[in-house]
Structures are given as C-alpha cells and as structure tokens.
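Read the structure below first, then the notes.
The values are calculated or read from the model by the stated rules, or taken from the named source; none is laboratory data. Note that the structure is predicted; figures quoted are calculated from it, not measured. Cβ atoms come from the backbone with ideal geometry, glycine included; neighbour counts cover every protein chain shown.
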Amino acid sequence: MKLKTATAVALAAILGASPALADMVFPSLSYRTGPYAANGIPFADGYADYFTLINERDGGIGGVPIRLIECETGYNTEKGVECYESTKGEGSLVYQPLSTGITYQLIPKTAADGIPLHTMGYGRTSAANGKVFNNVFNYPANYWNGASAIVNHMLEENDGDVKGKTLALVYHNSAYGKEPIRTLEELSEKHGFELKLLAVDHPGQEQKSQWLTIRRERPDYVAMYGWGVMNATAIQEAANIRYPMENFIGIWWSGSENDVRPVGAKANGYKALNFHGVGDDYPLYDDLKEHVYDAGKAAGAGDQAGTVLYNRGVYAAMLAVEAAKNAQAIHDTKEITPQQMRDGMEALEMTEEKMAELGMPNFGPSFKVSCENHGGPGLVSVNQWDAEAGKWNVISDYSESDMEVVQPLIDEDSAAYAAENGIEESCS
Amino acid sequence: MSASFFFGVEVFMNGLMAGVMYSLVALGFVLIFKASGIFNYAQGVMALFAAQTLVGLQTGLVPFSHLINAVFGTEVHHFGWNIPTVFAILLTILIMIVFAILVEKLVLKHLVNQEPIILFMATIGLAYFMEGFGDLMWGSEIKTLDIGIPQGGNIWVEEATAGLGGEDFFGFYLDTLDIYATVIAIALVTALVLFSQYTKTGRALRAVADDHQAALSVGISLRTIWVIVWSIAGFVALVAGAMWGAKSGVQFSLSLIALKALPVLMLGGFTSIPGAIVGGLIIGVGEKMFEFLIGAPFLGGATENWFAYMLALLFLVFRPQGLFGEKIIERV
C-alpha cells in the first residue's frame, strides 16, 4: 500500500509539474587555433560570456536556458561547413560564421535549412537586401558602409571638400579585401578624390613594395582592409616611413589591440572604424563581473574583457538575445524555432533606451531592421589608438554612411545574385 | 638622373634587404637537408617556437600558464621579472638544443633508413605538434618582441641621399632593422662556412652529407650529427624568428615565412649555403623590381609571391638542382 501511494504521489508530481523547456541553442563557430587565433579567442570569449550572463542572471531568455555549442573552425572554410553540418541538427537558432569564406558557403545551406545567418560587419555585403537574402542579416554595418565611413571622415576633416586629395587603399588581396573597391570608386567619382589601390598578398608579412609606393606618392589618406598579421605589418611599415598615423584608417577588422600593440608607441594616433563601444566602462560589465568572472564561469582564460574583439563578441550575443526575445514575443512562445528566430531578427529595433536598459548605453548604434533592409543604416564610429594609455578612444559619433551610393550597389549585386539563383524578390 | 631612376634603385636595394630576410629562413632548410636529406617542413614552426620562447623568457611569462591555471585553478601568468635579451637568447638556444635532442630521440632515431618521403611526413607531424605545443606553452596572443634593434627608415641614409633625383626624391629608404639583419646574416653565413670547413665536427657534417654509409664506416655517429644539425637549424630559426618577429610581432603567421623560403631553395639549391643567400637575393630583388615595373602599374599589384614561384618554376625546368645544388645522376 505504501509503495502504491508513493508511486501515485511521484506520478502526480511528474504530471503536475510544468513541462521542462528545451534549451535555446546558439552555436559558436569559433577559431581558437590557427593563424587568426589571437583574434578569434576574444570574440569567442565575449560571445560565450554574454550568454553565460543571461543564464546566470536571468535564468535564460524568457526563462529558457541557453546552450552554447562551440565548434572550432580554425578560420578554415571546410571546417566551418563541417561545424555547421554537425550542429544544425541540435536546433541551432542562428549562425555567426565569423569568416567571409564560411559565410559564402553557408548562404545557400542556411537558406535551404531555414536557419538564419548573422554576418555582423563581414560576409556578403549585398545580403543587406532582405528581399533576396531572406535568411541572411548583416546589421548594423557592412563593408561598403565602412568604405563610405572612411570617406565621410576625410570629408569631415576637410570641411566637406576632398577634391584633389588622394586616398590609397591597402587591401588584403582576397574577396574580402576587394569588397570596398567598387564603393570607393563611386565615391571618388562623386567627391573628386583620387583612389590608389595597393593589393597585399596573403598573409601580408611582406609589404615593402606597397609602402615604398606610399612613400613615393604620398597620398593624403591611407585606408586599410586587412586581417591578421597584415594589419600589424602595415601599421609598422607606416610608422617606418613616418606616415602620419592620424591619416591612416582601418576597417573594423583592422582595429583591435592585436593590430597596434606590436608596433608600440609608433602606432599612436592610428584610426579604425567600429560599430560598437570600446573598453569596459559600461554597467553591463558590473553584471559580467558579478555573475560570470567572479563566479569562475568566464570563457577561455578570462583575460580578454574590454578588448575590441571581446566587446564585438558581447555585442553579437546581445543582438542575438534581443532577436530571440523578439521572436518569443511575436510568436507568443518560449520555445522558438530557427524560422521564428529569423522573424525576431527581422523585427529587431535597437534604441538608445534599450541599450541603456541592457547596461550598454551608447555601446552600439540605434537601428531598425526590416524585410527590405537586413543591414541597418550603416552607422559607424571612428576610434583612435592612444599608445601611451594603451586604449582605443571613440572620436566620433555613430554616423550614417552614404546610402545614396551604397544602396544602388547593394540593389545591383543582390539582383545579380537573385538572377543567378532564380530567386524572386519577396518579403516573407 | 630622374627621380624615377633613383626610386628604381631604392626598390632594388630594398629587394636585396628583403632577400636577406628570406635567406635567413632558407638557411635552416638547407642545413638539415644537406646533412640528412630531410626536407624539414617544421622549419617555419621552429622559427615561430624559437621566437615565442625568446619573448616568453624575456618578458617573464610562466610557461603553460593557461594549462596550470585551468588544472589547479590558479591565476599565474608572469614571474614578475624580465630577463635581459642576451640571457634570454642564450636560454632560447639551450631550449632549441634540447628540442633537437628530443627530435632525434623521439622521431628520427626510429626512422633511420626510411624513405625520404617518410621522414618528410614525420616533419609535417612535428610541425603540427609544435604549433599546438608552442601555443600551449606560451599562449596564442600576439607578442611584441624587442631585441634592441631599432626599426624605421634610416635617417642618415635618407638625408645623405636626399635630392639626388631632384626635389621629388626624398632620399633612399632603407629600414634600419633590415640593415642589421643583413649584417647578422653575413656573420651567420661566415660562421657556418668556417664551422663546416675548419672544425672537426664541421668536416664530419660534410662527410655525412656526402655519404651516410661511408661516414658511419669511419666511426662518425649519425645520431650525434643529427642532433648538431638540428641544433644549428634551431639557432638559425631563432635568428629568422627574431628578425621577422621584431617586424610584425610574434604570432602564428610567423610560421608561414617558410612559404617565402621555398622559391629561394628551388633557385639556390637545397644543399648549398651560398645558394640560399644568392637565391634569396635574386628572389628578393626580382619580385620587388617586377612589382615596381610591371606588377603594380599593369597587373593590379600583389604579384610578388606569384613572381617568386614563377622564377623558381623556370629554374626547375632548366636547372632542377638550382644554381648551386648538387647535380645527382643515377645510372641504372
């Protein structure tokens, strides 16, 4: 009798309890090994730490715990695709491939599988056209916004007139490095400055020819689209030829501590674009300290907090969490599917108030995603390296890029992709 | 003469300097190939490991600190001291000798009399092991290496030559680090040549290089010779790693400088120390002049790697043994 009663009580307890919610799965295609590990580690740590914070402080998103699956790509496209294939079945909600090469491979795959892709500041720029790339998002800024932001900075420094000036683009000789060329060509025509192109072979350790050319031709500004060792080498060569650092501006992938520290004091004044905050002077960091760092739950060695690329990881995770919250609200369910996550991303709106509520005031620009525009308005700020203090300073507000030039290029490129792949433009 | 002419001369001189840097990497390959017939795929990673060790010792990093902290829950990263560069270099040389002994004991000893391709595969494995081991030991973050050699355009050269080509010419640009690298490379090659010509060990090295069996028959220990050769190659890797690391920081990509050495080896021959130097200079000057005269103006630039390998390919077709390599004729 006692056994029967006990069994009945146990059964009642099981049946009466609220159903357990499945985890929300966020894969992290990280690269902690290989040639770009120094850049991959801080991003992966920031991405993981933010999700840990949400689990520890809030009990997950809307009460649903987050499960982060980290898969090592080594920044290798084949491994990245393998990671995708091996994790998509886990119920992965959104992929952030962290590599333009992996992104290009995943665009058709994620479209077929109905899983959204977020390529923040990299990947295929024309994916900003959500009518063609339903599943791909590249908010808040893309490579072409970056090119326009560099020219905007030149315009600001020259009272709006850069006619007769020269801009040299030092770029990684790859699909990524070549991304801004078309935009800069259009902008040079519009504003009357001369554009000089200087390609650098992978990996970019030897750039003597390019910098001798710059020394000879003395362009007024130098822009850089580099990655890895190419960045530090370029900044070192610029210092060697005594090029004025304040006229040397890199894209956001050429603007981390890893790029300037090897050059030492001579890197002082170097500028780089960014689309999020720098340092750790945000209320969010108090929460991270309490719930993650001091609790011994920090990812990796726990020594990356506040670096540019760590903050980028935090920012990417925060945008993913906000989109997931949106999806839960739109579909009135705690457990969301990848397709619902996509809807949440498409309805994402980041305002100053929301950023402040999240403990990240002015950490990122205000923007609104829509079906037509998966890239946002391309709001970008300029950072400058202070070598003595060993930190980046934000020297401009988030300012809009020249969408008059950028948008037609996005439309043209996405239309070509749609024609090639038989895609009919639509808003789902 | 016009400024353009002097700019061309400047590119030529910088090509020579770049060539010296390539030669430093190629030398390590030549030493090991010459003495043991092994194409050491791990030479680039050895340069990275040597540079990581140098900067780690210099700045007082705790080896394997991430592993120690993860296992024991500690927070140790630095010893709290800095070691003077000279002592750090000496300690690094010692570590590279220990590395050579371990390679001989754990890898090469077991592969005596195996086909060269087996030994080559073993060095590929060694390269991957060293990549991970180096990162585990010293961390994968980018490290700044300061060995006291100044960097940047040499002001004296610049001022002395300013105005040679009119007011558009600002004087020759020569990187002071490259000038130092040239002097170090000359000293290194001279020392290596003197060592191999005038010391007993050097003669034993040459004997092993000429004929393993004959050398063994007169009592030369092949295993000792291998340890010595790998130690010297480790030292050369340290010099190359320190020079390249001082330019752009000590980071994983340092291991990729081996890519720059391959065309140099094809050109100069895999068995000649002077060949590595001359090959490096030809590749350095050739690629820089091609980029200056043809690549950048007409082909969109970034032609240097392409040119270096094209030149090497041409040599392979017409002189497969390279400029100074040994011509091996095997008669059936």
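Numerical summary
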{"quantity": "Per-region count, region A:159-179, residues surrounded by fewer than 19 Cβ atoms within 10 Å (Cβ to Cβ) and within 17 Å of A:THR233 (Cβ to Cβ)", "calculated": "1"}
{"quantity": "Any hit, region A:61-73, residues being within 14 Å of chain B (Cβ to nearest Cβ), outside any helix (DSSP H, G or I), surrounded by 17 or more Cβ atoms within 10 Å (Cβ to Cβ) and under 19 Å from the mean Cα position of the chain (by Cα)", "calculated": "yes"}
{"quantity": "Exclusive hit being more than 14 Å from chain A (Cβ to nearest Cβ), buried (at least 18 other Cβ atoms within 10 Å of the Cβ), touching a helix residue (DSSP H, G or I) at 6+ places or on another chain (Cβ under 9 Å) and not polar (S, T, N, Q), set B:ALA122, B:ALA47", "calculated": "B:ALA122"}
{"quantity": "Per-region count, region A:268-292, residues in contact with an Asp or Glu (Cβ under 8 Å, 6 or more places away or on another chain) and part of a helix (DSSP H, G or I)", "calculated": "3"}
{"quantity": "Qualifying residue in region A:112-121 (condition: surrounded by fewer than 24 Cβ atoms within 10 Å (Cβ to Cβ) and in a helix (DSSP H, G or I))", "calculated": "yes"}
{"quantity": "Meets criteria (in a helix (DSSP H, G or I) and out of contact with any Cys (no Cβ under 9 Å at 6 or more places or on another chain)) for A:ILE249", "calculated": "no"}
{"quantity": "Filtered residues of region B:77-104 (kept if within 14 Å of chain A (Cβ to nearest Cβ) and surrounded by 12 or more Cβ atoms within 10 Å (Cβ to Cβ))", "calculated": "B:HIS77"}
{"quantity": "Residue satisfying all of: in region A:379-422; part of a helix (DSSP H, G or I) and of a type in the set (S, T, N, Q); nearest to A:LYS190 (Cα to Cα) among these", "calculated": "A:GLN407"}
{"quantity": "Meets criteria (out of contact with any His (no Cβ under 6 Å at 6 or more places or on another chain), surrounded by fewer than 18 Cβ atoms within 10 Å (Cβ to Cβ) and within 14 Å of chain A (Cβ to nearest Cβ)) for B:GLY8", "calculated": "yes"}
{"quantity": "Complete set of residues in region B:141-164 that are of a type in the set (Gly, Ala, Ser) and not in a loop (DSSP other than H, G, I, E, B)", "calculated": "B:GLY153, B:ALA160"}
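Listed here are the residues, each with its yes/no results for (1) modelled with pLDDT under 95; (2) surrounded by fewer than 18 Cβ atoms within 10 Å (Cβ to Cβ).
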{"residue": "A:ILE249", "(1), (2)": "no, no"}
{"residue": "A:ARG261", "(1), (2)": "yes, no"}
{"residue": "A:GLY279", "(1), (2)": "no, yes"}
{"residue": "A:ASP286", "(1), (2)": "no, yes"}
{"residue": "A:GLY296", "(1), (2)": "yes, yes"}
{"residue": "A:ALA299", "(1), (2)": "yes, no"}
{"residue": "A:LEU309", "(1), (2)": "no, no"}
{"residue": "A:VAL321", "(1), (2)": "no, no"}
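Table: residues versus (1) surrounded by fewer than 23 Cβ atoms within 10 Å (Cβ to Cβ); (2) more than 24 Å from the chain's Cα centre (by Cα).
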{"residue": "A:SER188", "(1), (2)": "yes, yes"}
{"residue": "A:LYS208", "(1), (2)": "no, yes"}
{"residue": "A:GLY226", "(1), (2)": "no, no"}
{"residue": "A:ALA232", "(1), (2)": "no, no"}
